[in-house]
Number of protein chains: 2
Amino acid sequence: MRDVFIIGVGQTPVGELWDQGLRELGAAAIHDALEDARLERVDAVYVGNMLGCLNGQANLAALLADAAGLLPAEAWRVEAACASGGAAVRAGALAVASGAYDAALAVGVEKMTDGAPEQVTAGLAAAADQDYEASHGLGFTALSALLMRRYMEETGQGREAFAPFAVTAHRNAAANPRAMFREPITAEAFARCPVVAAPIGVLDAAPICDGAAAVVVCSREFLGPRHRPVRIAASAVATDTIALAARDDILTLGAAARSARAAYHAAGMRPADVDLFEAHDAFTIITALSLEACGFAPRGQALRLAAEGCFAPGGKTPISTCGGLKARGHPVGASGAYQVVEAVLQLRGEAGANQVKGARHALTQSIGGHGSVAVTHVLEA
Amino acid sequence: MRDVFIIGVGQTPVGELWDQGLRELGAAAIHDALEDARLERVDAVYVGNMLGCLNGQANLAALLADAAGLLPAEAWRVEAACASGGAAVRAGALAVASGAYDAALAVGVEKMTDGAPEQVTAGLAAAADQDYEASHGLGFTALSALLMRRYMEETGQGREAFAPFAVTAHRNAAANPRAMFREPITAEAFARCPVVAAPIGVLDAAPICDGAAAVVVCSREFLGPRHRPVRIAASAVATDTIALAARDDILTLGAAARSARAAYHAAGMRPADVDLFEAHDAFTIITALSLEACGFAPRGQALRLAAEGCFAPGGKTPISTCGGLKARGHPVGASGAYQVVEAVLQLRGEAGANQVKGARHALTQSIGGHGSVAVTHVLEA
């Protein structure tokens with residue numbers, strides 16, 4: 001495989017962006033990424049998006065190629081539930097690795113706030129097994145609640161032990177001008193917050209929001225002196241059963257673990273070599289399980305290590321340094337692309353107040369459907 | 001780029017398949033394609049699907065990897081409106097060309113009959129520009145009707161001149177045991193059929209239906225004596241404006257023409273070298289425009305050449321030899337994969353009563369959103 005590099009990143013703010021639709025958000029992120037790469041155009045665009053049907057819009061890749069002035073570029077949409085943005089980056093990397101293009105663009109975009117709450121809930125539940133889970137009322141939060149309850153039962157820890165993930169995410173987001181929630185929260189506020197689906201509280205959960213993030217990828221031959229390349233040292237996707245009930249052990253995110261192992265192997269690295277980790281912290285329980293799947297904590301130990309500050313700024317493996325899904329926001333089909341954008345900024349030394357000093361290797365992991373699909377990237381400065 | 005070959009094809013019958021859902025249809029096509037390739041498994045699955053939200057099912061690639069026993073394979077969905085199946089084949093080809101996998105699988109699947117008619121209509125309209133077309137009532141058929149009316153105006157031909165496309169499609173489908181409509185129709189029946197959106201009649205249009213088709217692709221190194229490989233000599237995707245109103249000339253399908261030109265160039269071929277053409281005959285007008293975009297007829301001449309029998313069995317360039325979208329059926333996100341499956345059967349000499357003698361080169365073209373995206377493949381025996 002040819003080596004693939006990231007030479008441009010772009011992102012919109014994340015939030016309830018009532019004055020912008022899929023078209024405006026996607027085109028803005030594409031424009032920023034091309035400008036960052038000092039390119040006028042690319043000939044291939046891969047669009048990560050999960051909930052376009054909420055907006056009545058299929059064929060979103062052609063729409064964005066059009067809106068961004070990139071016609072007649074190759075363009076199609078990639079969907080892997082909440083991992084769609086990560087999978088779009090994977091598609092772009094494959095296109096360049098194949099030799100089909102010397103440069104390509106991946107953009108993740110989501111516009112969730114146009115849907116009525118029950119539509120958004122139903123749309124997110126579609127990531128689960130419709131026949132055996134979602135149609136019986138087991139939605140996005142309810143399934144995560146089952147995982148969290150089981151984790152608490154097995155480890156003997158209370159809900160308050162998950163606080164460090166939310167507290168750190170909000171603290172990191174306070175320094176990110178594009179984050180949705182820029183107010184720090186306390187462990188006390190976390191403990192007292194309203195319950196959504198017990199034991200999940202509102203501060204365990206990422207918000208409904210809008211946003212778009214884009215990356216320009218290219219071949220080694222394409223690199224010029226104007227670029228500040230970050231190499232995609234590994235890109236790996238794995239799947240697990242779509243129904244939680246079909247798993248031997250619901251506390252092992254098999255797809256996350258396998259894609260992480262494959263990525264470490266391809267990059268010739270171990271977890272200890274990772275300087276920062278962009279985690280899929282859609283719920284605090286998913287953060288814990290993802291950390292364990294990626295080898296940053298032994299099974300059942302993620303909360304203990306979090307309490308010790310391992311994943312906070314200055315810790316052994318800082319996570320979600322720009323606020324993560326929890327506080328930067330989780331426009332679902334865009335989040336995997338935001339993770340890559342934020343990791344690139346870290347590896348370039350451009351992460352501002354949240355900069356991890358001397359960061360050379362970053363891991364990003366985008367998870368869809370309660371672990372039924374995971375996309376893991378290793379990025380190298 | 002590494003050469004990519006097709007070594008296995010599978011397809012379900014097309015029709016109103018009330019006893020099968022996305023899971024059963026997709027898994028059946030995958031199973032058949034793997035068996036045809038004499039493989040137990042592949043490690044990557046790319047799923048073409050457009051209307052999954054009608055079924056309340058996102059994350060369909062993980063679901064099918066699971067249902068087909070292919071976990072923990074890489075799996076994500078590809079969507080490019082009605083060209084989704086073609087784009088999934090493209091994704092599989094890129095994955096193998098990149099060196100990421102020696103073998104991969106692309107499957108197109110659609111389950112349209114579970115939706116209420118107004119839901120299906122709205123779902124298909126989402127391929128158009130929601131902000132500027134669909135939300136004003138310009139749906140799938142209405143937009144094609146605008147194209148047809150303009151074509152009739154420019155060429156001075158009546159609706160009856162489109163009859164050969166529908167008549168040939170139904171005649172071809174009569175010999176295809178997997179086709180939805182196996183009854184031949186007459187030009188008189190075509191002329192008399194009920195109007196859907198003037199000038200489009202019900203016999204101009206492909207049906208709402210269910211189905212799945214799959215192909216196994218692999219590298220040259222992977223080929224063994226047990227395989228009967230068909231080479232993907234070219235694979236090209238191009239886009240055009242999503243809104244018809246934004247085009248300088250609505251009778252030139254720019255994306256179709258550009259992707260065809262790119263495919264001919266990559267394959268070192270001309271239209272005259274093509275032994276059969278799997279056309280995107282969702283409406284008779286789209287057949288005509290696709291034939292002209294691909295160089296099989298000069299502008300405005302497709303109907304005249306059709307009347308002369310150029311596109312019928314035994315003609316210069318037989319099209320839609322298994323019945324096409326019109327009569328085999330058009331399960332939208334699957335159709336592009338069906339085209340490739342049927343072309344492979346022709347190139348292997350396994351097309352039965354519809355066999356094109358001595359076929360060595362086939363062109364397939366899958367079109368989404370009234371020409372806003374087109375996927376063109378050249379296959380070589």
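Things to note:
- Residue match in region B:199-220 (condition: free of Cβ contacts under 8 Å to residues at least 24 places away in the same chain, polar (S, T, N, Q), surrounded by fewer than 21 Cβ atoms within 10 Å (Cβ to Cβ) and not in a helix (DSSP H, G or I)): no
- Applying the condition of being closer than 17 Å to B:GLY52 by Cβ and without any contact (Cβ under 8 Å) to a residue 40 or more places away in the chain to region B:111-123 and asking which residue is most open to solvent (accessible area, probe 1.4 Å) yields B:THR121.
Let's see how each residue does on (1) assigned to a loop (DSSP other than H, G, I, E, B); (2) modelled with pLDDT under 95:
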{"position": "A:VAL42", "(1), (2)": "yes, no"}
{"position": "A:VAL45", "(1), (2)": "no, no"}
{"position": "A:MET50", "(1), (2)": "yes, no"}
{"position": "A:LEU70", "(1), (2)": "yes, no"}
{"position": "A:ALA75", "(1), (2)": "no, no"}
{"position": "A:GLY86", "(1), (2)": "no, no"}
{"position": "A:LEU94", "(1), (2)": "no, no"}
{"position": "A:ALA106", "(1), (2)": "no, no"}
{"position": "A:GLU118", "(1), (2)": "no, yes"}
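- So A:ASN59, is it among the polar types (S, T, N, Q) and either more than 11 Å from chain B (Cβ to nearest Cβ) or on the phi < 0 side of the Ramachandran plot (or both): no
- Residue in region B:69-78 that is more than 7 Å from every other protein chain (Cβ to nearest Cβ), surrounded by 24 or more Cβ atoms within 10 Å (Cβ to Cβ) and within 19 Å of the chain's Cα centre (by Cα) present: no
- Sole exception among (1) more than 14 Å from every other protein chain (Cβ to nearest Cβ); (2) open to solvent by less than 10 Å² (accessible area, probe 1.4 Å); (3) not acidic (Asp, Glu) for B:GLN301, by number: (2)
- Count - residues of region B:225-238 that are out of contact with any His (no Cβ under 7 Å at 6 or more places or on another chain) and either open to solvent by 20 Å² or more (accessible area, probe 1.4 Å) or at positive phi (or both): 5
- Scanning region A:39-55 for residues that are open to solvent by less than 20 Å² (accessible area, probe 1.4 Å) and either β-branched (Val, Ile, Thr) or at the interface with chain B (Cβ under 7 Å from one of its Cβ atoms) (or both) turns up A:VAL42, A:VAL45, A:VAL47, A:MET50.
- Exactly one residue out of B:ALA288, B:ALA297 is assigned to a helix (DSSP H, G or I) and in contact with a helix residue (DSSP H, G or I) (Cβ under 6 Å, 6 or more places away or on another chain), and it is B:ALA288.
- A single entry from B:ALA126, B:ALA173, B:ALA97 fulfils the requirement of being open to solvent by less than 40 Å² (accessible area, probe 1.4 Å) and touching a Ser or Thr at 6+ places or on another chain (Cβ under 6 Å): B:ALA97.
- Residues in region B:360-381 that are farther than 30 Å from A:GLN57 by Cα and either within 14 Å of chain A (Cβ to nearest Cβ) or open to solvent by 10 Å² or more (accessible area, probe 1.4 Å) (or both): B:ARG360, B:HIS361, B:GLU380, B:ALA381.
- Scanning region A:82-111 for residues that are among the aliphatic types (A, V, I, L, M) and touching a His at 6+ places or on another chain (Cβ under 9 Å) gives A:ALA83, A:VAL89, A:ALA93.
- You will find that of A:ALA255, A:ALA260, the residue that is in a helix (DSSP H, G or I) and under 27 Å from A:THR121 (Cβ atoms) is A:ALA255 and no other.
The values are calculated or read from the model by the stated rules, or taken from the named source; none is laboratory data. Note that the structure is predicted; figures quoted are calculated from it, not measured. Using ideal geometry, Cβ is built from the backbone for each residue, glycine included, and neighbour counts are taken over all protein chains shown. We work out accessible area using only protein heavy atoms, side chains counted, and drop any ligands, DNA or RNA first. Shrake-Rupley method; radii C 1.70, N 1.55, O 1.52, S 1.80 Å.
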